[in-house]
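Below is one structure, written out as structure tokens; the observations come after it.
The values are calculated or read from the model by the stated rules, or taken from the named source; none is laboratory data. As the structure is a prediction and not an experimental result, all values here were calculated from the model. Cβ placement follows ideal geometry from the backbone for every residue including glycine, while neighbour counts extend to all protein chains displayed.
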Amino acid sequence: MNCSVNKYLSCKIHAKYDIFKSNTRVLRYMRRKQTEKAIYSPQFIYKQPYKFDKYDKKLLKELDINARKQLSELSRKVGLSRDAIRNRIKKLQEHDVISAFKPIYNPPTMGYPIVNYVFIALSNPSEAKEEQFLKHLMTNKHVTYVASLIGKWDFILDIMAENQGQFDKVIKKIRYQFHDIIKDYEIYGILQEYKYEELGKLIYE
């Protein structure tokens with residue numbers, strides 16, 4: 001085992017949970033599917049941290065406020081030419097600092113008031129079976145978020161539904177289809193969201 005793979009994780013954690021092996025399987029599946037159809041652009045990609053200068057920080061702050069700002073406005077706010085702004089945005093994307101420019105939706109007003117987090121523990125599945133499990137989750141429109149975890153649970157899902165009955169059908173289908181590898185699961189419903197901060201604030205403030 002090479003513990004230098006990620007200096008931020010101890011050898012003990014790396015040995016016990018093998019997080020990179022798990023993440024590699026998830027990302028490998030998603031990247032292969034992206035060649036067929038753009039399903040998801042992963043937000044967490046473990047690599048060397050990007051070195052930000054003062055202009056990068058100003059740019060990230062302006063994009064956090066409104067990612068649809070014109071280059072001319074960004075140029076004025078940041079203090080660089082439009083070409084320089086365009087090149088910096090491209091560079092931030094190439095280095096996976098910015099994964100995508102997407103709208104943030106409000107589930108209840110779109111007809112999906114049921115938003116539940118589901119934690120799932122698997123029982124030593126084969127790689128092929130785990131890939132089938134991931135494929136089912138990634139192609140289910142009600143499953144809006146999937147991530148592998150360290151600790152008691154192997155995966156966390158975010159499932160949205162029009163009503164409780166629809167949510168029950170979604171979770172029952174997952175349980176029935178993969179009953180042989182699902183060891184345990186727990187459901188946590190969101191009652192009220194009190195804080196949502198953009199990650200950029202960790203950089204520019």
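When Y204, Y185 are checked against the criterion of being among the hydroxyl-bearing types (S, T, Y), touching a helix residue (DSSP H, G or I) at 6+ places or on another chain (Cβ under 9 Å), touching a residue at least 24 places away in the same chain (Cβ under 8 Å) and under 30 Å from K57 (Cβ atoms), Y204 stands alone in meeting it.
Residue by residue, here is whether (1) under 30 Å from N66 (Cα atoms); (2) at pLDDT below 95; (3) touching a helix residue (DSSP H, G or I) at 6+ places or on another chain (Cβ under 8 Å); (4) aliphatic (A, V, I, L, M) holds:
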{"site": "Y105", "(1), (2), (3), (4)": "yes, yes, no, no"}
{"site": "P108", "(1), (2), (3), (4)": "yes, yes, no, no"}
{"site": "L122", "(1), (2), (3), (4)": "no, no, yes, yes"}
{"site": "K169", "(1), (2), (3), (4)": "no, no, no, no"}
{"site": "I181", "(1), (2), (3), (4)": "no, no, yes, yes"}
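Among the residues here, F133 does not qualify as under 30 Å from L191 (Cβ atoms) and in contact with a strand residue (DSSP E or B) (Cβ under 6 Å, 6 or more places away or on another chain). D83 meets each of the listed conditions (1) closer than 26 Å to F155 by Cα; (2) among the acidic types (D, E); (3) not in a loop (DSSP other than H, G, I, E, B) apart from (1). Per the conditions (1) farther than 30 Å from Y55 by Cβ; (2) touching a residue at least 12 places away in the same chain (Cβ under 8 Å), the sole criterion not satisfied by H179 is (2).
Against the numbered list (1) over 19 Å from E197 (Cα atoms); (2) outside the structural domain of D180 (by TED's automatic domain parsing); (3) within 19 Å of the chain's Cα centre (by Cα), D64 comes up short only at (1). Summed over the stretch 138-160, the residues that are closer than 12 Å to A121 by Cα and among the polar types (S, T, N, Q) give a count of 1. For the stretch 64-79, what are the residues that are without any contact (Cβ under 8 Å) to a residue 12 or more places away in the chain and surrounded by 15 or more Cβ atoms within 10 Å (Cβ to Cβ)? Hits for the stretch 64-79 are K69, S75.
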